[in-house]
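Report on the structure given below.
The values are calculated or read from the model by the stated rules, or taken from the named source; none is laboratory data. Since the structure is predicted, the reported quantities are computational estimates derived from the model, not experimental observations. Quick reminder, even Gly has a Cβ in these numbers, built from the backbone with ideal geometry, and neighbours come from all protein chains shown. Protein only, heavy atoms only, side chains kept; ligands, DNA and RNA dropped before computing areas. Shrake-Rupley method; radii C 1.70, N 1.55, O 1.52, S 1.80 Å.
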Amino acid sequence: IMLMSRWKSILFGAALVMSPVSAHAQDQGVAPAAEPAADRLAAATQLMDLILPAAQRDAMVEQMMKAIMTAVTASLKDQPAFAAAMQNPKVETVFNRFIDRQRQQTAEQLKAGMPGMLTAMSRAYARRFTVPQLAEMHSFFSTPTGQAYVRESYGILSDPDIATWQRDLMAKGFARLPEEMKALQQDLEGVLGKPLAESKS
C-alpha cells in the first residue's frame, strides 16, 4: 500500500510537471483585449515569421520537448521510491514508453497549434510595441547574431546549467508534494465530513 501511495504521488507530480504548455492557460480569466492597430499587426506578423521561420518550427518544437522531458525524467529519478521501482526492467520499459508518448503527443499538439500561437503572439506584440520598435527587432533578427539566437534559443533548455536548475526546482517541488497531498486529503475530508476511503463521490 505504501509503495502504491508513493507511486501515486510520483505520477501526480509528473502530471503537474509535464504540463508546461497548459500551465499558463489555467488563468482565472482573461480580460478582453483591444484590437491591435493594423500597421503594428502587420509588422508584428513579419517579425514572428522571422523569429519562428516555417521551415524550422517543427524542429524547434521537438528540441524544446526533448529538453523538457529530459528534465522531468531526471527529476523523477532523484525520487527514492521511483528510483527503486525503476530497478525493474519492465517498469523502466513502461515508463520510457510513457515519456516517449507524452513527448510525441505534446509535440504534435504544439505543431498543430503553431498557426494559432503565431497569430496570438503577433497580436500580443502589436499591442506592446510600436512599428519602429518592431522594425528594430526585425533588423536585429535579420542579422547573423539574430539568426543564431533564433536557432539556439529553443534548445537552450538542454544547456547543463539550465538543466541543473530545472532538476533542482522540480526536486524541491516533489519534496513538498507528500505534505501538499496530505493537506489536500485533510481539506477534502473536512468538506465531505468523512475519510476519502469511505467517499463514493
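Structure notes:
- Cβ-Cβ distances below 8 Å connect the following pairs, each with a first residue in the stretch 169-190 that is in a helix (DSSP H, G or I), a second residue that is open to solvent by 70 Å² or more (accessible area, probe 1.4 Å) and aromatic (Phe, Trp, Tyr), and a separation of six or more residues or different chains: Leu177/Phe12; Met181/Phe12.
- Residue within the stretch 127-144 that is among the hydrophobic types (A, V, I, L, M, F, W, C) and outside any helix (DSSP H, G or I) present: yes
- Just so you know, in the stretch 64-99 the residues that are among the polar types (S, T, N, Q) and assigned to a helix (DSSP H, G or I) include one that is surrounded by the fewest Cβ atoms within 10 Å (Cβ to Cβ), and it is Thr93.
- Among the residues here, Ala42 qualifies as part of a helix (DSSP H, G or I), among the aliphatic types (A, V, I, L, M), free of Cβ contacts under 8 Å to residues at least 40 places away in the same chain and surrounded by fewer than 17 Cβ atoms within 10 Å (Cβ to Cβ).
- Residue in the stretch 110-118 that is in contact with a Gly (Cβ under 6 Å, 6 or more places away or on another chain) and not polar (S, T, N, Q) present: no
- The one condition from (1) under 22 Å from Ser139 (Cβ atoms); (2) of a type outside the set (Lys, Arg); (3) in a loop (DSSP other than H, G, I, E, B) that Ala33 does not meet is (1).
- Selection status of Val150, open to solvent by less than 60 Å² (accessible area, probe 1.4 Å) and in a helix (DSSP H, G or I): yes
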